[in-house]
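Structure record follows, encoded as structure tokens.
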Amino acid sequence: MKQRTNKPTYHPETQAVRIQSERTSHMEHSAPMYLTSSFCYEDSEAMRAAFADETDAFIYTRFSNPTVEEFIQRMCALEGAEAGFATASGMSAVFGSFMAFLKTGDHLLSSQSIFGSTHTVITKFLPKWGIEHTYFDMTKPETIEALIKPNTKMIFVETPSNPGLDVIDLTALSAIAKKHKIILNVDNCFATPVLQKPLALGADLVTHSATKWIDGQGRVLGGIVLGRKELVDEVYAFCRSTGPSLSPFNAWVLSRSLETLHIRMARHSESALSLAKALEGNPHLEWVKYPWLTSHPQHAIAKEQMTAGGGIVCFGISGGLERGRRFLDQLELLSLTANLGDSRSIASHPASTTHAKLSEAERLNVGITPGLIRISVGLEHVGDIIADIEQALEASKA
């Protein structure tokens, strides 16, 4: 953007479109892609100063890269963050946000309603480094503070959660974290910064799987950690040496995606609400869950801290596991794939896929019943999405 004496304050969605790396001598309109592993210096002194962190010069793409930096700056504008570090995937963002701050003897307090791979990291890998954990029930926030220990260093939460769409009051949770001087780390993947801004509600760190809604077309992997600069600096120090950096190509794709994120999330949310309303009362379903339905247990909280309900709808199909599989097999339009946040609608069965590594008791404890179906609502005509789901429900009955 042009430099002005009285520079206006642009809206986040404008910054997501207009922030870009410095133009080259070719004066390109769309930012170029810097596909390079390293960067050169005019002389040895410039190189020394760069490695001594005395300048902001680029050194190596594992550390930083102009294309990756453009994506980071756009995400910072959307989340209202001081700084960020982009990673190769959403899980590397989550893992980096843990390991930059947790050490042997520390305790992590996490919501039990989390993505299956995050559960694996917390229960299988963190204990190898002597890091304890305790899970809390998002639907019982009054129990959280009592679970805090003297060695608790971080509270981690997904809201809305994957896949059960549980929602928690982030303002209240941040008050607890601040009272005990604990880092509050929020996975904002389902809502995106378009619909929810955890940092403004008191969170210290925000993580994203950019693979999902941020990309929006199921093309590339990516993740990011955002927050206060002094915290992100710790994440950077860990990731710079361990190597889970975002590739310039993926960063270029993700930056282009951010230019349409507001438009897409509005459409995803509108269609998801229409689908949820259409399915309420369907005789083949035991329940339907969506944050913008008044029947959602945390509907009031969702309306308070989100601007729309997002693109995920969940429902429980009568007949359990086998009926759920038959339902998936009868779908004609929706895709069956291990992703969400795509322009194409996707149906999945968490009990046998994303959360299959949890025990049956663990799944039931977080609301993942055998018949739970998760729909990622795409950009097709909503009438076609509804019709395909309704015909599959009818065709799958015994």
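The values are calculated or read from the model by the stated rules, or taken from the named source; none is laboratory data. For clarity, every value in this text was computed on a predicted model and none was experimentally measured. So basically every Cβ, Gly included, is an ideal-geometry build from the backbone, and we count neighbours across all protein chains shown. Each accessible area value is taken on the protein alone, full model and side chains, heavy atoms only, with ligands, DNA and RNA left out. Shrake-Rupley method; radii C 1.70, N 1.55, O 1.52, S 1.80 Å.
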Exercise. List every residue pair whose Cβ atoms sit under 6 Å apart, with the two residues 6 or more apart in sequence or on different chains, where the first one lies in the stretch 9-20 and is assigned to a helix (DSSP H, G or I) and the second, anywhere, is open to solvent by 60 Å² or more (accessible area, probe 1.4 Å) and at pLDDT 90 or above.
Key: VAL17/GLU259
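Given PHE71, PHE95, which one is open to solvent by 60 Å² or more (accessible area, probe 1.4 Å), in contact (Cβ under 8 Å) with a residue 60 or more places away in the chain and within 22 Å of the chain's Cα centre (by Cα)?
Just a single option satisfies the conditions, and that option is PHE95.
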Self-check item: Selection within the stretch 256-268 - of a type outside the set (D, E, K, R) and under 16 Å from the mean Cα position of the chain (by Cα)
Solution: SER257, LEU258, LEU261, HIS262, MET265, HIS268
Exercise. Check the stretch 242-249 and report whether any residue there is crowded, with 20+ Cβ neighbours inside 10 Å and of a type outside the set (A, V, I, L, M, F, W, C).
Key: yes
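Quick check on my filter: what residues within the stretch 318-362 are over 23 Å from LYS397 (Cβ atoms) and among the acidic types (Asp, Glu)?
ASP342, GLU360, GLU362, listed by residue number.
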Quiz item: Wholly within the stretch 41-102, which helices (runs of 4 or more DSSP H) include no fewer than the required count, namely at least 1 residues that are more than 22 Å from PRO12 (Cβ to Cβ) and among the polar types (S, T, N, Q)?
Solution: 44-51, 90-99
Quiz prompt | Exclusive hit being crowded, with 18+ Cβ neighbours inside 10 Å and not in a helix (DSSP H, G or I), set GLY324, GLY309 | solution = GLY309
Practice problem: Output the residues belonging to the stretch 203-241 that are of a type in the set (Asp, Glu), within 17 Å of the chain's Cα centre (by Cα) and surrounded by fewer than 24 Cβ atoms within 10 Å (Cβ to Cβ). | Solution: ASP204
Exercise. Within the stretch 342-362, work out how many residues are at pLDDT 80 or above, buried (at least 21 other Cβ atoms within 10 Å of the Cβ) and over 24 Å from PRO283 (Cα atoms).
Key: 1
